[in-house]
1. Within segment 246-269, track down each residue that is within 30 Å of Asp218 (Cα to Cα) and among the hydroxyl-bearing types (Ser, Thr, Tyr).
2. List the number of the failed condition for Thr295; all other conditions in (1) in contact (Cβ under 8 Å) with a residue 40 or more places away in the chain; (2) not in a loop (DSSP other than H, G, I, E, B) hold.
3. Against the condition of a type in the set (Val, Ile, Thr), more than 16 Å from the ligand (Cβ to nearest atom) and surrounded by 14 or more Cβ atoms within 10 Å (Cβ to Cβ), how does Thr203 come out, does it pass?
4. Taking the conditions exactly as written (at positive phi and within 23 Å of the chain's Cα centre (by Cα)), does Gly181 satisfy them or not?
5. Test Ile68 against the criterion of being assigned to a strand (DSSP E or B) and either among the basic types (Lys, Arg) or crowded, with 20+ Cβ neighbours inside 10 Å (or both), and give yes or no.
6. State all residues of segment 159-173 that are closer than 16 Å to Leu195 by Cβ and more than 8 Å from the ligand (Cβ to nearest atom); if no residue qualifies, say none.
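The values are calculated or read from the model by the stated rules, or taken from the named source; none is laboratory data. These numbers were taken from a predicted model, which means no experiment stands behind them. No Cβ is skipped: glycine too gets one built from the backbone with ideal geometry, and neighbour counts run over all protein chains shown.
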Amino acid sequence: MKKYCFGIDVGGTTVKCGFFNTEGQLLEKWEIPTRTEENGSRILPDIAATINAKIAERGLEKDEIEGIGVDIPGPVKEDGTVDLAVNLYWGYVDVVGEMEKMTGIKTKALNDANAAALGECWKGGGAGYDNLIMVTLGTGIGGGIVVGGKVIAGAHGAGGEIGHGHAVDDMTEPCNCGNVGCIEQVASANGIVRLAHMILEKTDKPSVLRDKKFSAKDLWEAVKAGDEVADEIAEKFGFYLGRELAIYAVVTDPQLIVIGGGMAKAGTIVLDYIRKYYRQYAFPACKETEFALATLGNDAGIYGSAKMVL
Ligand code: ZN
């Protein structure tokens, strides 16, 4: 009888591993380092080894394991293959094929931001919802779109890559993806700092942010403290992201938009600025779409990966 499954979240420096029962309870979690040397060829064997060791340690039989879900920081195609994952130094890798060969257990793979969306939809800020958009505001912007309880990976595994939706016309600096003016360049944790400098340059108004190095966290603290320029920056951030989300809302018509990632730690004030402009631009039927903060933090990926195989 199938009683357990594994949810694995592969990051550039660590691999987070979760051991779940089939009711979706996280029974144990641990981490192993991501060994990116030799073009990341050790990564999947290391994961297979830690899973095989856990099964042995708990005295389980392989046929008690429902499956292994693995998320990857890069586009994953429907057949579980990856063409390129720069953070892992990977070219083409058949994640599902290799994992199944090394463990003898059914495996599924998906993109990490999509896994986080699925995790939040299942056990986090979006629990109880079947249609949502998840936005992760970290160093970059990750996204995941869940429709009818299923995450949309698309034809190239790029479904939900909303960080690279075009948002800014008067940008000259290129994005990591090679395009210019992506939403990530002005609304991620790094992006909002870039946006802040652009706005600070254009005004003489005093601000606690002026002439010093600051992070997204410092910026939101300045907003909360009533700094006028910081508020202007937050408005512009809200405009870009709210307008972008209003466009996606007419494509997938979500019940809920979940905001996560490091910047969401500033709290519901982040939602307030996004929601204001979302409502301005959203199609009437979608205007009342709810906003929520993600709640699973760094565990969203292991939950989503586990959900994939259940
Ligand atoms: Zn981009």
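1. Tyr248, Thr268
2. (2)
3. For Thr203, the condition - of a type in the set (Val, Ile, Thr), more than 16 Å from the ligand (Cβ to nearest atom) and surrounded by 14 or more Cβ atoms within 10 Å (Cβ to Cβ) - is not met.
4. In short, yes.
5. Criteria met by Ile68.
6. Answer for segment 159-173, where residues must be closer than 16 Å to Leu195 by Cβ and more than 8 Å from the ligand (Cβ to nearest atom): Gly165, His166, Ala167, Val168, Asp169, Asp170, Met171, Thr172, Glu173.
For (1) at pLDDT below 95; (2) of a type in the set (Gly, Ala, Ser); (3) surrounded by fewer than 18 Cβ atoms within 10 Å (Cβ to Cβ), each residue gets a yes or a no:
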{"residue": "Ala116", "(1), (2), (3)": "yes, yes, no"}
{"residue": "Gly119", "(1), (2), (3)": "no, yes, no"}
{"residue": "Leu137", "(1), (2), (3)": "yes, no, no"}
{"residue": "Ile141", "(1), (2), (3)": "yes, no, no"}
{"residue": "Gly149", "(1), (2), (3)": "yes, yes, yes"}
{"residue": "Gly154", "(1), (2), (3)": "yes, yes, yes"}
{"residue": "Ala158", "(1), (2), (3)": "yes, yes, yes"}
{"residue": "Asp169", "(1), (2), (3)": "no, no, yes"}
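Residue-by-condition table, conditions (1) under 24 Å from the mean Cα position of the chain (by Cα); (2) not charged (D, E, K, R):
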position: Arg35; (1), (2): yes, no
position: Leu44; (1), (2): yes, yes
position: Ile47; (1), (2): yes, yes
position: Ile55; (1), (2): no, yes
position: Glu61; (1), (2): no, no
position: Leu84; (1), (2): yes, yes
position: Tyr89; (1), (2): yes, yes
